[in-house]
Amino acid sequence: MARVETSSSRPYHLVIFGASGFTGQFVVEEVARTVSEGPKGNLKWAVAGRSKQKLEKVLEQAAGVLSKPELRSEVDIIVADVGEPDSLAAMCKQAVIVLNCVGPYRFYGEPVVKACVENGAHHIDISGEPQFLEGMQLNYNSQAADKGVYVIGSCGFDSIPADMGVLYTRDQFKGTLSAVESFLTVASGPEGGCIHDGTWQSAVHGFADSQKLQSLRRKFNHKPLPTVGSRIKRRGTLFFSNEIQQYTVPFMGSDPSVVKRTQRFLVEEHQATPVQYGAYAGIGGVGSIIKLMFAGMMFWFLVKFSFGRNLLIKHPEFFSFGVFSKAGPTRKQMEASSFQFAFYGEGYTEEQDPSQGKPNAKIRTLVQGPECGYVATPIAMVQAALTILNEPTALPKTGGVYTPGAAFAKTTLIDRLNKHGIQFSVI
């Protein structure tokens, strides 16, 4: 069982590392909103990062936004730097859970995971970078298990809605679910929307390094997962989806990788039937296709060369047609934005043998919520942390490096998310 109690030497339930970063500031606000949901209605927390002044400024900002002046004086500040291992160790010794908001994780993530594992703090991140996530599993899983530490990756918009959405669909299906496809659509208000360029940087480096990801995966020596029912059909690179009534492309984020790792865990540890998964994202009409083709061609050409990557990173707005920006979205843009995942599943009714014939039943579920990056992500991350603190007996029996679905399959995380505006429902 996870150790989740604070003590005189480990005074904080949560330490938010990278609290003054673009996403970190919104995680600070979300933690401040949810202190009453901590163990016994109490949550002890601190903020951490390189600059005491910037951290003070973030607490000042949160105090103003939430009308909680006490944040200025009641929340402790820890100075810690990814480049200084001793400072990370000192931070991790004081925390039950570290909420790691410092990305791109491929550059800054591993020292924090290492410090958490070595110093007995559980680690939650919001990475959407498969190479980092799978690398941490390869390199730290057995050490984390020995130490009783939970390292749970991709606990933001990447990839809690998709991973928990597949499990929710499976649990709502009466019979054996064999395959699910998800279709993501994002809506913005009259002022539009954009994504902070930290995510853009992760994408640039991720695509440039895609060969390394393949060689990393070979090191696991995984056997292929068994297939139940008809093999899921892979759709084209661009197609018109009747499900969401718009042009659609394969989803390029971490969701497929995370869902597959969860399914593997459930097969190996719980002898569950694996669910096949395909992930897609709607891009809109013909105008969007033309923009995407231009942006895609430039991206694929430039990402192969270091000078091209530098150009992409220097001018995210230009190369992404305004989808990514160095300033990130305004609060007004965030308030008017939302996302929806539609899950279309198929499988076999309880009286039908899954080894015989084609699937004979379907299910449709939705996961919908507020703006992806800086509203839904902090909600998901903080609720994941609160689930560890409040439900340690429902977590896997041993520590280790886990996906959200593997860690939280037997918890009430979905109920918690429902209460906080990320809604799971059957249609």
Inset, instruction - Keeping the other protein chains in place, figure out the carbon and sulfur percent of the accessible area of region 160-369, with a 1.4 Å probe. - result: 56 percent
Inset, instruction - Taking only protein heavy atoms into account and a 1.4 Å probe, give the accessible area per residue of region 160-369 in Å². - result: 53 Å²
Inset, instruction - Determine, from the Cβ-Cβ distance of ILE232 and SER425 and an R0 of 22 Å, the FRET efficiency 1/(1 + (r/R0)^6), rounded to the nearest 0.05. - result: 0.40
Inset, instruction - Could you calculate the contour length gain from LEU311 to PHE240, that is, 0.36 nm times the residue separation minus the distance between their Cα atoms, to one decimal place in nm? - result: 22.3 nm
Legend entry - Surface accessible to a 1.4 Å probe, SER202 within the full protein complex, Å²: 20 Å²
Inset, instruction - Rounded, prolate or oblate: pick one for region 291-427, where a ≥ b ≥ c are the square roots of the eigenvalues of its C-alpha gyration tensor, a/c under 1.5 means rounded, and failing that, prolate if a/b is larger than b/c, else oblate. - result: prolate
Inset, instruction - Mind grabbing the accessible area of ILE195 for me, 1.4 Å probe, Å², rounded to tens? - result: 60 Å²
Inset, instruction - Classify region 2-102 as rounded, prolate or oblate from the Cα gyration tensor: take a ≥ b ≥ c as the square roots of its eigenvalues, call it rounded if a/c is under 1.5, otherwise prolate when a/b beats b/c and oblate if not. - result: oblate
Inset, instruction - Apply 1/(1 + (r/R0)^6) to the Cβ-Cβ distance of SER142 and SER8, taking R0 = 22 Å, and write down the FRET efficiency to the nearest 0.05. - result: 0.15
Inset, instruction - Please work out whether region 195-316 counts as rounded, prolate or oblate from its C-alpha gyration tensor, where a ≥ b ≥ c are the square roots of the eigenvalues and a/c under 1.5 means rounded, while otherwise a/b larger than b/c means prolate and anything else oblate? - result: oblate
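How much accessible area per residue does region 51-92 have, counting only protein heavy atoms and a probe of 1.4 Å, in square angstrom?
Computed with neighbouring chains in place, this is 57 Å² per residue.
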Legend entry - Qualifying trypsin sites (Lys or Arg not before Pro) for region 336-408 [loop in DSSP, other Cβ within 10 Å: at most 16]: LYS397
Legend entry - Candidate lysines for bridging to LYS260, where Cα separation is under 24 Å - those fewer than 8 sequence places away on the same chain excluded: LYS174, LYS212, LYS219, LYS223, LYS233, LYS358, LYS362, LYS397, LYS410
Inset, instruction - For ASP209 and SER36, compute 0.36 nm times the residue count separating them, minus their Cα-Cα distance, and round to one decimal in nm. - result: 58.0 nm
Inset, instruction - Using every Cα-Cα pair within the chain, state what percent have a distance larger than 33 Å. - result: 32 percent
Inset, instruction - Could you work out how far apart the two model spin labels at ARG218 and ASN390 are, taking each label as a point 7 Å from the Cα in the direction of the beta carbon, and quote it in nm? - result: 4.6 nm
Legend entry - Probe 1.4 Å - accessible area at ILE313, Å² to nearest ten: 40 Å²
Legend entry - Which of CYS194, CYS116 is most accessible, then next, and so on - probe 1.4 Å: CYS194, CYS116
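Using the Cα centre of the chain as the reference point, and only Cβ charges (+1 on K/R, -1 on D/E), how large is the resulting charge dipole? Debye, rounded to the nearest 20. Show your work: numbers first, answer last.
Numbers: 43 positive and 38 negative charges, 159 e Å.
I would put it at about 760 debye.
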Inset, instruction - Provide the descending list of Cα extents for region 160-369 along its principal axes, expressed in whole angstroms. - result: 57, 43, 29
Legend entry - Probe 1.4 Å, all protein chains present, accessible-area order of ASP415, ASP81, largest first: ASP415, ASP81
Legend entry - Globularity index of region 76-123, i.e. its alpha-carbon radius of gyration over 2.2 N^0.38 Å: 1.00
Legend entry - As computed over region 68-177, the Cα convex hull volume per residue (Å³): 150 Å³
Inset, instruction - Considering only THR377, THR330, THR273, give the residue with the highest GNM mean-square fluctuation for the chain, with springs between Cα atoms whenever their separation is below 10 Å. - result: THR330
Legend entry - Accessible area per residue, Å², region 1-43 with all protein chains present, probe 1.4 Å: 41 Å²
Inset, instruction - Using a 10 Å cut-off on Cβ atoms, rank the peptides 48-60, 161-173, 291-303 from the highest mean neighbour count down. - result: 161-173, 48-60, 291-303
Legend entry - Stokes-Einstein translational diffusion, region 100-156 - Kirkwood Rh over all Cα pairs, 1.306 mPa s, 10 °C, in µm²/s: 145 µm²/s
Legend entry - Highest-MSF residue in the chain out of VAL151, VAL102, VAL35 [GNM, Cα springs under 10 Å]: VAL35
Legend entry - Between region 199-231 and region 121-166, the Cα center-to-center distance that results, in Å: 15 Å
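Between the DSSP loop rule and a limit of at most 12 other Cβ atoms within 10 Å, which trypsin sites (Lys or Arg not before Pro) in region 195-262 are left?
Within region 195-262, the qualifying trypsin sites (Lys or Arg not before Pro) (loop, at most 12 other Cβ atoms within 10 Å) are LYS219, ARG231, LYS233, ARG234.
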Legend entry - Label point 7 Å beyond Cα of GLU70 along Cβ direction - residues of region 10-50 with amide nitrogen under 17 Å: 13-14, 29-47
Legend entry - Within region 338-427, GluC sites (Glu not before Pro) in DSSP loop having at most 13 other beta-carbon neighbours inside 10 Å: GLU350, GLU351
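The values are calculated or read from the model by the stated rules, or taken from the named source; none is laboratory data. Being a predicted model, the structure only gives us computed values, none of them experimental. Because the Cβ atoms are built from the backbone with ideal geometry, glycine has one as well, and the counts that use them run over all protein chains shown. Note: accessible area is taken over every heavy atom of the protein model, side chains too, but ligands, DNA and RNA are not part of it. Shrake-Rupley method; radii C 1.70, N 1.55, O 1.52, S 1.80 Å.
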